[in-house]
Every structure is written in C-alpha cells, then in structure tokens.
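A short write-up of the structure that comes next.
The values are calculated or read from the model by the stated rules, or taken from the named source; none is laboratory data. Not measured: the values here are computed from a predicted model. FYI the Cβ positions are ideal-geometry reconstructions off the backbone, even for glycines, and counts take in every protein chain you see.
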C-alpha cells in the first residue's frame, strides 16, 4: 500500500520514528490476524456457518464483528494514549506486561479447542456479529497490552492518525482471519484440534518472545 501523507508528516508519508503509514497498517493487520486465529465464539460461529454452506451469512457476520472491532481498537488506543501521558506509567505498564505475556503464553500452551458457539438466531448475521463482538470485553485488555508494547518500542507513534491507520489494519486483519475460516472451513474442521494446537504453540512462543524483549528493554531503561 502506498504511503499517504498526513498532517504533521514530511515527504514520503513517514510518521514518528521514521515509519511509514503502511507499516502501522501492517502491524495492526498482523497482530489482529494472529489474534483472530485461536478458536473462540466469533470465529467458531464463522466456521459453523461456513460448514453449513452459508458463506454469505458467514461473511455478513464477519463484517459486523469487524466494524465493531475497528471502533473498539481505535477507542482503546485513544484511552491508552491518555494513560501513557502520565509520568512513568509507560515503564509501569512495561513491567506489568511481562507477567501478563508469560501468562498468555502458558495458557495458550495449555488451551484446548472450544467447539461451542452461541446460537442467537433471532438476529441477522451482520447484527449478530456486531453484538457478539461488542460483548467481547477481552478485546480491551488485549489491545491495551499490544498497544502499550507497540508504543513503548516506537513501532506506533502516539497520534490519532497512526491510531486510525493501525485500527484499519486491525479490522482488515480480523477479517483476514475470518476469511481463513470461511474459505478453508471444511478442510480445517477435519484437523481443527491439531491445527489449534499448532496455533496455540506459535502464539505461546510469540508471547514468550515479547516478554523477553520487554524485559530486555526495561533492563536497558533502568540500568
């Protein structure tokens, strides 16, 4: 995606830290795409619709969920921006994020696929996706955690333009994850347990890696 200059940037569409806007888009996309792969109510609903040959409903459901998630990510980052303006809170969040990342790594290694999903058949597919996404309160600590990691490491500058582009990427990443379940649903169902174990292992090592990186960065800061 070509870079788009915005207010406060020089030529080439670079933001704070010399990164391009398309890099903020990619960071949002990749983190959200990976986050959409572990089995939960949202993607299991998409998978079940795909298995029933209701790809259109699965797509409508995904669009409703993604629309809500865009605003959830954007609002979370704006709130996080206010919090990080408090002196030393960045470092405090950095310290807190380490045990959280380790905990997430361990829980992903121990996690087992949850193949249940709620019905909610009285709503349209789009509305159902939006409501279930809105009810997913775990998305806020998820993006507070990753947002603080990205901001602290200079990968995401503290400005509204970058947050907006990042949130667009996050929405696209979530949609990409749902499309995997729609397109490959029948194939994935045959190997869903084994596939989920691989995904959980990758996520666990990712969380461990970020925990080590956060610890290294904090050691450099304090010592």
Quick one: how many residues across the stretch 171-196 are part of a helix (DSSP H, G or I), modelled with pLDDT under 80 and over 13 Å from residue 43 (Cβ atoms)?
-> 5
Whichever residue in the stretch 154-170 is in a loop (DSSP other than H, G, I, E, B) and within 17 Å of the chain's Cα centre (by Cα) and, among such residues, is surrounded by the most Cβ atoms within 10 Å (Cβ to Cβ) | 156
Give the residues of the stretch 124-145 that are exposed (fewer than 15 other Cβ atoms within 10 Å of the Cβ), modelled with pLDDT under 85 and part of a loop (DSSP other than H, G, I, E, B), sorted by residue number.
-> 135, 137, 138
Can you spot a residue in the stretch 83-90 that is at pLDDT 95 or above and over 20 Å from residue 128 (Cα atoms)?
-> no
Among the candidates 27, 75, which residue alone is surrounded by fewer than 20 Cβ atoms within 10 Å (Cβ to Cβ), at pLDDT 90 or above and part of a helix (DSSP H, G or I)?
-> 75
